[in-house]
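Asker: Before anything else, here's the structure in question.
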Amino acid sequence: DESGSIGDAIIAMNYVANRGAKIINMSWGVGPCIEIPNLQSAMRQLSDAGILLVTAAGNGDRFGVGINVDISPTYPSAYNMLNQINVAASTFDDYIIGFSNYGVRTVHVAAPGVNIYSTIPGNRVESMSGTSMAAPMVSGAAALLWSAIPSASAGQIKQAIAKGVSLIPGRPFDVSSRGRLNVNNAYIELKKLTGH
């Protein structure tokens, strides 16, 4: 039914953290203006432990129109922990898609999130769109960067991803980095940050 409990989500996050996960992808949300103290506390503990939390910014209102989450926050992306990256969805031709939430203070980067192939139950593959497709792009990029420079901190990975975005001339994205994920640029930035 594509839903689950917040309690189960917290259990799952702690389960993987206790087994050494350095990145937790959170391609889910509980909707606008619903703060959950237990979730916020769990996310803070994970962030403080140096785990990178990658959250989907959300897929707009009930009409499918993206929301400025600086004004109308959605959770868990709006908790904006120190080691958290909030991700908007971009198109193949570098526009933020109309359904994607955005915010120049609380959303950090855009990443491809339209017509992305993903596995589904029954050992099948399907094309999907959403910020839930964009967030794993950033999680995968973070894993690649960390594999290249294992001594990097979660904060350095986050900073490198934000500093390394591709900026689209004449139309900055409504996210704090103003751009779209670029893994090669992020690697160059991470090498500078870590002295490698």
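The values are calculated or read from the model by the stated rules, or taken from the named source; none is laboratory data. Everything numeric in this text was worked out from a predicted model, so none of it was measured. In this analysis, Cβ positions are derived from the backbone assuming ideal geometry, glycine residues included, and neighbour counts consider all displayed protein chains. Calculation scope for accessible area: heavy atoms of the full protein, side chains included, ligands and nucleic acids excluded. Shrake-Rupley method; radii C 1.70, N 1.55, O 1.52, S 1.80 Å.
Asker: If you check ALA141 against the conditions, is it under 22 Å from ILE51 (Cβ atoms), touching a helix residue (DSSP H, G or I) at 6+ places or on another chain (Cβ under 9 Å), buried (at least 19 other Cβ atoms within 10 Å of the Cβ) and not polar (S, T, N, Q)?
Answerer: Judged against the criteria, ALA141 is a match.
Asker: Right, next: Restricting to segment 104-118, what's the tally of residues that are surrounded by fewer than 24 Cβ atoms within 10 Å (Cβ to Cβ) and either touching a Leu at 6+ places or on another chain (Cβ under 8 Å) or not hydroxyl-bearing (Ser, Thr, Tyr) (or both)?
Answerer: 6
Asker: Taking VAL65, is it surrounded by 12 or more Cβ atoms within 10 Å (Cβ to Cβ), closer than 17 Å to TYR102 by Cβ, of a type outside the set (Gly, Ala, Ser) and touching a residue at least 60 places away in the same chain (Cβ under 8 Å)?
Answerer: It is false that VAL65 is surrounded by 12 or more Cβ atoms within 10 Å (Cβ to Cβ), closer than 17 Å to TYR102 by Cβ, of a type outside the set (Gly, Ala, Ser) and touching a residue at least 60 places away in the same chain (Cβ under 8 Å).
Asker: Every residue in segment 69-94 that is at positive phi and over 14 Å from the mean Cα position of the chain (by Cα), please.
Answerer: ASP94
Asker: Any residue at all in segment 167-181 that's over 13 Å from the mean Cα position of the chain (by Cα), open to solvent by 30 Å² or more (accessible area, probe 1.4 Å), modelled with pLDDT of 95 or more and over 22 Å from ASN59 (Cα atoms)?
Answerer: Yes, the conditions are met somewhere in segment 167-181.
Asker: Related question: Within segment 120-145, restricting attention to residues that are out of contact with any strand residue (DSSP E or B) (no Cβ under 6 Å at 6 or more places or on another chain) and of a type outside the set (Gly, Ala, Ser), which residue is nearest to LYS158 (Cα to Cα)?
Answerer: Ranking the candidates gives LEU145 first.
Asker: Within segment 166-181, which residues are over 16 Å from ALA135 (Cβ atoms) and either free of Cβ contacts under 8 Å to residues at least 12 places away in the same chain or of a type outside the set (Gly, Ala, Ser) (or both)?
Answerer: Those that are over 16 Å from ALA135 (Cβ atoms) and either free of Cβ contacts under 8 Å to residues at least 12 places away in the same chain or of a type outside the set (Gly, Ala, Ser) (or both): LEU167, ILE168, PRO169, GLY170, ARG171, PRO172, ASP174, ARG178.
Asker: Without any contact (Cβ under 8 Å) to a residue 60 or more places away in the chain, assigned to a loop (DSSP other than H, G, I, E, B) and exposed (fewer than 15 other Cβ atoms within 10 Å of the Cβ): is that true of GLY50 in this structure?
Answerer: no
Residue-wise test of (1) of a type outside the set (Phe, Trp, Tyr); (2) modelled with pLDDT of 95 or more; (3) farther than 16 Å from PRO136 by Cα; (4) assigned to a loop (DSSP other than H, G, I, E, B).
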position	(1), (2), (3), (4)
MET13	yes, yes, no, no
ALA17	yes, yes, yes, no
LEU39	yes, no, yes, no
GLY64	yes, no, yes, yes
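Asker: Restricting attention to segment 82-103, report how many residues are of a type outside the set (D, E, K, R), open to solvent by less than 50 Å² (accessible area, probe 1.4 Å) and not in a strand (DSSP E or B).
Answerer: The qualifying residues number 6.
Asker: Let me ask something else about it. Any residue in segment 119-137 that is open to solvent by 50 Å² or more (accessible area, probe 1.4 Å), at pLDDT 95 or above and touching a helix residue (DSSP H, G or I) at 6+ places or on another chain (Cβ under 8 Å)?
Answerer: Looking for residues that are open to solvent by 50 Å² or more (accessible area, probe 1.4 Å), at pLDDT 95 or above and touching a helix residue (DSSP H, G or I) at 6+ places or on another chain (Cβ under 8 Å), one finds none in segment 119-137, hence no.
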